Amino acid sequence: MDTIPSEYIRAENEQPAITTIAGTVLEVPVIDMGDTDQENLVRLIADASRDWGIFQVVNHGIEGDVIMKLQKVGREFFELPQEEKEVYAKPDGAQIVEGYGTKLQKEVEGKKGWVDHLFHKIWPPSVINYHFWPKNPPSYREANEEYTKKLRVVADKLFESLSLGLGLEGHELKDAGGGEDLNYLMKINYYPPCPRPDLALGVVAHTDMSCITILVPNEVQGLQVFKDEHWYNVKYIPNALIIHIGDQIEILSNGNYKSVLHRTTVNKDNTRMSWPVFLEPPQELEVGPVSKLVNEENPSKYKTKKYKDYVYCKLNKIPQ
Ligand code: OGA
Ligand code: NI
């Protein structure tokens, strides 16, 4: 029972048992979003985004029961028989991201992550395709809509703080990322128990392509961050949201903020789940360093290109 198919066994330089700094749980910055001292909040968020590219937020304004319902309906979907989940499967080889599946990035040598996922857009209404929203459980839609409504407030506050932290006006970073056309892409990761968590990975090392990712985890440890040349477990904090700085904010900020390299491990006995929402520019939007941040001393460090072209290069491992 303690063997797994070879396509799940990582190369030694990726195996969690060999490459994780054991015994140290990384305390990434934990930021109180209820802080009424705005200057302080901006400074904390900007510092964390510069030095870590990841932080956790508490007092974010999303009630515990809204998050619990989101988790409950997601778990119920993934616990359905395989045939019912396959109804939402993305067509083989399709270039679309939405739907149920087991693999996103092309991996070398046909390796696989120990994870299933479901993607669907949740905002703005014009981009939502309910075909990819589970009909079962019946309250799936309501739970996701309620979470989305609350999440938008958190997202706006994060964008504003990140913008002010660069000396820009509060609205500028969000505007440059698409403004009200910013796409909210929900992903559910489902990591079943794995007999050999020492050899397999859930999601392999990557940075998110989004502007910002806002993630709800369940209580099973699994997120790891690459810091000072090593992999560390990130501490689970009940009711916190995990914020990842993605590639597009790194680009917009001309490298002031850093997207964070992260991956996930799996567990021998317990199912891990997570609900990241990727805040992404619309496909056709050109994204490059904000012009106010580029001058003679700070030349542009990134190409300006359409978001869809960025995504294409990244998924196909073509240099940007
Ligand atoms: C991802 C991701 C982390 C997690 O899906 O992009 O990094 O905690 N997930 O599941
Ligand atoms: Ni990620």
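The values are calculated or read from the model by the stated rules, or taken from the named source; none is laboratory data. Model, not experiment: these values are computed from the prediction. Cβ placement follows ideal geometry from the backbone for every residue including glycine, while neighbour counts extend to all protein chains displayed. The accessibility values were calculated without ligands, DNA or RNA, using every heavy atom of the protein model including side chains. Shrake-Rupley method; radii C 1.70, N 1.55, O 1.52, S 1.80 Å.
Brief remarks on what is shown
- Complete set of residues in segment 168-186 that are part of a helix (DSSP H, G or I), surrounded by fewer than 21 Cβ atoms within 10 Å (Cβ to Cβ) and without any contact (Cβ under 8 Å) to a residue 40 or more places away in the chain: D175, G179
- Looking across segment 191-208, the residues that are among the charged types (D, E, K, R) and either more than 14 Å from ligand 1 (Cβ to nearest atom) or under 16 Å from I9 (Cβ atoms) (or both) come down to R196, D198.
- Restricting segment 203-245 to residues that are crowded, with 24+ Cβ neighbours inside 10 Å and among the small types (G, A, S), the residue that is nearest to the chain's Cα centre (by Cα): S210
- For segment 274-320, residues that are over 18 Å from the mean Cα position of the chain (by Cα), in contact (Cβ under 8 Å) with a residue 60 or more places away in the chain and surrounded by fewer than 15 Cβ atoms within 10 Å (Cβ to Cβ) total 3.
- Residue in segment 37-49 that is modelled with pLDDT of 95 or more, open to solvent by 60 Å² or more (accessible area, probe 1.4 Å), part of a helix (DSSP H, G or I) and closer than 30 Å to E142 by Cα present: no
- Segment 209-222, subset part of a strand (DSSP E or B) and over 25 Å from Y310 (Cα atoms), residue nearest to ligand 1 (Cβ to nearest atom): P217
- Pairs linking a residue in segment 233-246 that is within 19 Å of L162 (Cα to Cα) to a residue that is more than 10 Å from ligand 1 (Cβ to nearest atom) and at pLDDT below 95, with Cβ atoms under 9 Å and 6 or more positions apart or on different chains, are I242/V28.
- Scanning segment 144-167 for residues that are open to solvent by less than 10 Å² (accessible area, probe 1.4 Å) and not aromatic (F, W, Y) returns N144, T148, L151, V154, A155, L158, S161, L162, S163.
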